[in-house]
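Read the structure below first, then the notes.
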Amino acid sequence: MNILKGFQKSRRVQADLAPEGNSKPGASMSRLRILILAPNCNPNGISIPLVSYSHAAALAKVHDVSLVIGSPVEQAVRGANGSFRNIEVVRMPKIEKLYEWSLRRVFKYNFASQALTAFAYPFSVGFEWEAWRQLRNRIFEGEFDVVLRLLPLTAVLPSPFAFFLRNGPIPFVIGPINGGLPFVRGFSQAENQREWISNLRNMYRILPFARSTYHRAAAIITASSHTYQEFSAHREKLFFVPENGVDRELCSDRSRSSAAAKKLGLIFVGGLIPCKGCDLALRAAANMLRNSQATFTVLGDGPERSRLEELARSLSIEKDVSFRGWVSHTEVIQSLGSADVLVFPSVRDFGAGVVFEALANGVVPIVVDFGGPGDIVHREIGYKVPLTSEDDVVAQIERALKELVESRELLSKLRENAVAYARESLTWEAKAQNTTKVLNWVLHRGPRPDLVPPKMTKLVSSPSHGS
């Protein structure tokens with residue numbers, strides 16, 4: 001099969017995945033008065049707090065947004081000077097001190113812990129209860145058109161607001177929500193990170209407010225195909241909007257050398273924990289590294305680092321792999337700017353913001369077809385390999401790398417398509433526009449948007465490269 005045949009369709013792919021309607025966010029749309037619940041959003045944070053702040057800030061550029069936050073992030077949010085109409089602060093000093101102490105002493109700031117998610121339940125409910133007490137009079141006086149809960153992102157933490165607004169006067173929308181990915185059997189990377197509490201996940205359905213959250217919500221926005229399927233019983237009000245986004249300024253068309261003599265620049269970005277699969281990436285790149293066809297940079301740190309360094313030595317590639325540890329976000333972007341391929345075979349990843357940033361920088365991603373990365377990457381911009389077995393995933397990634405080494409024309413085309421795709425479909429403005437379409441539908445101001453996970457459409461569910 002000639003892999004390059006599909007590229008003439010790439011613009012059509014991007015158009016189908018881009019936000020509907022006018023290309024300018026908010027164009028031809030009246031400004032909505034949105035009350036956003038995002039207790040720990042933080043412009044100076046990382047991961048979910050930063051993602052939720054960026055989403056709220058993008059909405060605030062086209063709507064009148066009142067942002068409801070907790071006092072621990074107040075200084076950071078106010079200091080960012082976002083275009084918010086109001087910043088409403090919920091203060092719970094005793095509860096906040098208890099949570100911070102537990103986070104530090106008990107959970108050791110392990111935000112990936114499912115036990116921490118369960119522990120957060122009463123704090124999440126308490127925040128919304130206080131927010132309701134603080135804002136209910138203004139809600140009933142007609143100050144807002146709709147309530148949008150951005151945080152918590154996890155689907156297992158219900159919202160009392162949905163119950164409080166069961167009889168109006170304004171609709172409640174939740175999302176994007178994510179989570180619930182199973183721990184894939186047969187992969188030690190997932191099994192080594194599984195917690196005992198994972199077996200109790202579905203018990204969230206019997207928690208107070210759990211049923212009313214999704215029954216009473218006027219719309220449910222999901223951030224992954226897995227979560228979309230989990231809530232398929234609510235399909236009539238179910239939508240897909242990716243968890244992450246990128247700044248439009250990040251989408252770079254700068255030219256790079258694709259000379260055949262140039263070594264392929266490989267990069268991995270993420271925490272060095274089992275489920276991220278950095279060991280799979282090293283094993284897949286080993287032959288190419290030993291043959292001096294590539295270099296490999298690892299950005300990130302964690303409990304797996306010493307084991308990964310030992311793996312590099314055992315594969316005789318330690319001189320070609322640079323473990324740089326944690327670096328600033330600015331340095332991550334700079335490193336992506338000089339890389340060719342992101343090798344990111346995470347076997348349990350929900351949002352995968354680094355994949356978005358790689359695409360915006362014209363870095364070709366190689367991911368597994370599971371979770372967030374599998375929802376975003378398609379054959380016109382990169383590679384996604386099925387989760388079969390560890391050895392098979394390694395072999396498939398190795399074949400993809402070999403293909404890119406042998407065809408620099410293919411590498412250049414993928415880069416070009418990646419940047420165009422990110423600019424059209426993955427910016428915060430695009431995310432705000434799609435969220436706006438859901439809110440307009442809820443308020444009977446627009447048609448129901450057709451927002452389903454891309455991998456569920458025929459165009460982007462075609463076979464991967466070389467199949």
Would you point out the residue of the stretch 80-121, among those that are in contact (Cβ under 8 Å) with a residue 12 or more places away in the chain and among the aromatic types (Phe, Trp, Tyr), that is nearest to PHE350 (Cα to Cα)? PHE111
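Residue by residue, here is whether (1) farther than 14 Å from VAL419 by Cα; (2) in contact with a His (Cβ under 7 Å, 6 or more places away or on another chain); (3) in a strand (DSSP E or B) holds:
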| residue | (1), (2), (3) |
| --- | --- |
| SER346 | yes, no, no |
| ASP349 | yes, no, no |
| VAL355 | no, no, no |
| ALA358 | no, no, no |
| ASP375 | yes, no, no |
| ILE381 | no, no, no |
| LYS384 | yes, no, yes |
Inspect the stretch 127-139 for any residue being of a type outside the set (Val, Ile, Thr) and assigned to a loop (DSSP other than H, G, I, E, B) and give the result as yes or no. no
Selection within the stretch 274-316 - of a type in the set (Asp, Glu), in a loop (DSSP other than H, G, I, E, B) and over 24 Å from SER389 (Cβ atoms): ASP301
For the stretch 296-320, which positions are of a type in the set (Val, Ile, Thr) and out of contact with any strand residue (DSSP E or B) (no Cβ under 6 Å at 6 or more places or on another chain)? ILE317
Restricting to the stretch 386-408, what's the tally of residues that are assigned to a helix (DSSP H, G or I) and touching a Ser or Thr at 6+ places or on another chain (Cβ under 9 Å)? 4
Taking the conditions exactly as written (in a loop (DSSP other than H, G, I, E, B), farther than 24 Å from GLY271 by Cα and either free of Cβ contacts under 8 Å to residues at least 40 places away in the same chain or in the same structural domain as SER71 (by TED's automatic domain parsing) (or both)), does GLU143 satisfy them or not? yes
Could you list, in sequence order, all residues of the stretch 71-122 that are basic (Lys, Arg) and closer than 30 Å to CYS275 by Cα? ARG104, ARG105, LYS108
Can you tell me which residue in the stretch 87-140 is surrounded by the most Cβ atoms within 10 Å (Cβ to Cβ), limited to those that are modelled with pLDDT of 95 or more and charged (D, E, K, R)? GLU128
Enumeration of residues in the stretch 44-81 that are modelled with pLDDT under 95 and in contact with a Leu (Cβ under 7 Å, 6 or more places away or on another chain): ILE48
Check the stretch 385-404 and report whether any residue there is in contact with a Gly (Cβ under 6 Å, 6 or more places away or on another chain) and buried (at least 23 other Cβ atoms within 10 Å of the Cβ). no
Across the stretch 317-344, the tally of residues that are in a loop (DSSP other than H, G, I, E, B) and either touching a Ser or Thr at 6+ places or on another chain (Cβ under 7 Å) or within 25 Å of TRP428 (Cβ to Cβ) (or both) stands at 5
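Quick grid of which residues meet (1) part of a helix (DSSP H, G or I); (2) modelled with pLDDT under 95:
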site	(1), (2)
PRO208	no, yes
ALA233	yes, yes
GLU236	yes, no
ASP253	no, yes
LEU272	no, yes
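The values are calculated or read from the model by the stated rules, or taken from the named source; none is laboratory data. None of these values were measured; they are calculated from a predicted model. Every residue, glycine among them, receives a Cβ derived from its backbone with ideal geometry; neighbour counts consider all protein chains shown.
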